[in-house]
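Take a look at the structure set out below.
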Amino acid sequence: MGDEIDPELEALRKKRMLELQLMLEKELEKVDWPSAPVHVTDHDFEGVLSRYPLVLVDFWASWCMPCRMIAPILDQISGEYAGKAVITKLDVDQSRKTAEIYRVSSIPTLILFKNARPVERVAGALPREAVKGLIERHL
């Protein structure tokens, strides 16, 4: 008898879970999802991470040629993933503190954050499909 699940209680649990899921979806719809990369700094970095559930951060610098090569890819992908993920760009010369915290020693470095926690990291200029794959694995 101790291992049996009350069908009425299980039905109530499922109903409540569905209600909570719908509430969460409505809240996410209210979030302003950018369709272009968002430039972040040491000052607003944590705020952006906490605002969106999935954030891809491009640690870059203006003098870095591989960074310039990946920039158009990130611009395109940003529009494709609007409403699902946010692409951000952090200039390591302007925001050294954040780059140091995440131990970015080569650029470009892409770090994907899910619920404000780093879940995947890749260094170097990646092809479009590899960047998309990085995001898709965590949607």
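To keep it simple, each residue is scored yes or no on (1) out of contact with any helix residue (DSSP H, G or I) (no Cβ under 8 Å at 6 or more places or on another chain); (2) free of Cβ contacts under 8 Å to residues at least 40 places away in the same chain; (3) at negative phi.
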site	(1), (2), (3)
D75	yes, yes, yes
I87	no, no, yes
K97	yes, no, yes
S105	yes, yes, yes
* Asked: Is at least one residue of the range 100-119 assigned to a helix (DSSP H, G or I) and either modelled with pLDDT of 95 or more or crowded, with 16+ Cβ neighbours inside 10 Å (or both)?
  -> yes
* Asked: Based on what the data block shows, is E10 assigned to a helix (DSSP H, G or I), within 20 Å of K114 (Cα to Cα) and modelled with pLDDT under 95?
  -> no
* Structure fact -> I101: passes all of (1) free of Cβ contacts under 8 Å to residues at least 24 places away in the same chain; (2) over 18 Å from S50 (Cβ atoms) but (2)
* Asked: Does any residue in the range 118-132 that is among the β-branched types (V, I, T) come within less than 8 Å, Cβ to Cβ, of a residue that is not in a strand (DSSP E or B) six or more places away or on a different chain, and which pairs are these?
  -> V119/H138; V122/A130; V122/L134; V131/I70; V131/I73; V131/L74; V131/I77
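The values are calculated or read from the model by the stated rules, or taken from the named source; none is laboratory data. Computed from a prediction, not measured in an experiment: that's the story for all the values here. Every residue, glycine as well, gets a Cβ built from its backbone with ideal geometry; the counts of neighbours run over all protein chains shown.
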